[in-house]
Amino acid sequence: PGNVRQLENAMFRAIVLADGAMLTPEEFPQIAALVGLAPPAPEARQPPAPGLAEAITLDGAPATADSESRGASGLEPFDPGGDVRPLAEIEEAMIRLALERYEGRMTVVARKLGIGRSTLYRKLKELGIADEGSGIAAE
């Protein structure tokens with residue numbers, strides 16, 4: 001249990017503090033310190049060399065050449081100016097993405113998002129998504 005908790009904390013910290021849309025070994029300085037590796041200086045950040053741990057995107061998918069273009073889903077954590085986007089915008093984009101991916105099946109969408117159906121319906125109403133007829137399936 002302690003190791004899982006430490007891994008969860010390391011992942012959360014890396015995601016929150018990531019400079020880009022991909023997590024690389026450089027995002028885990030606390031783990032590097034444990035194994036005796038010094039983290040690179042921030043200005044010397046390089047993509048991971050072949051053979052190092054594979055980089056992953058913020059949605060957990062393996063990084064690919066088109067990972068940088070994932071902003072089209074609205075899940076890009078940074079605005080064009082490089083600032084962190086408001087959490088409400090990212091939450092709305094995630095709900096829209098889940099609705100599309102699971103074809104508006106509200107029970108599945110709520111379960112995959114880790115929230116209750118009533119919470120999902122409330123959020124849809126608050127965001128004005130339910131009024132758009134955005135492919136919400138009748139259950």
Under 5 Å between amide hydrogens, which residues at least 5 positions from Met22 or on another chain qualify, with H placed 1.01 Å from N in the peptide plane?
none
Would you mind computing, in nm to one decimal, how far apart the modelled labels at Asp19 and Ile31 are, each placed 7 Å from Cα along Cα→Cβ?
1.8 nm
Which far-off residues, 5 or more places away or on another chain, put their amide H under 5 Å from the one on Phe78, with H placed in the peptide plane?
Arg85
With r defined as the distance between the Cβ atoms of Glu100 and Asn9 and R0 fixed at 35 Å, what FRET efficiency is calculated, to the nearest 0.05?
0.65
Could I have the simple spin-label model distance between Leu87 and Arg117, label points 7 Å from Cα toward Cβ, reported in nm to one decimal?
2.7 nm
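No value in this document is a laboratory result; all are computed from the given coordinates. Since this is a predicted model, take the numbers as computed values, not measurements. A quick note on method: Cβ atoms are made from the backbone with ideal geometry, for glycine too, and the neighbour counts reach across all protein chains shown.
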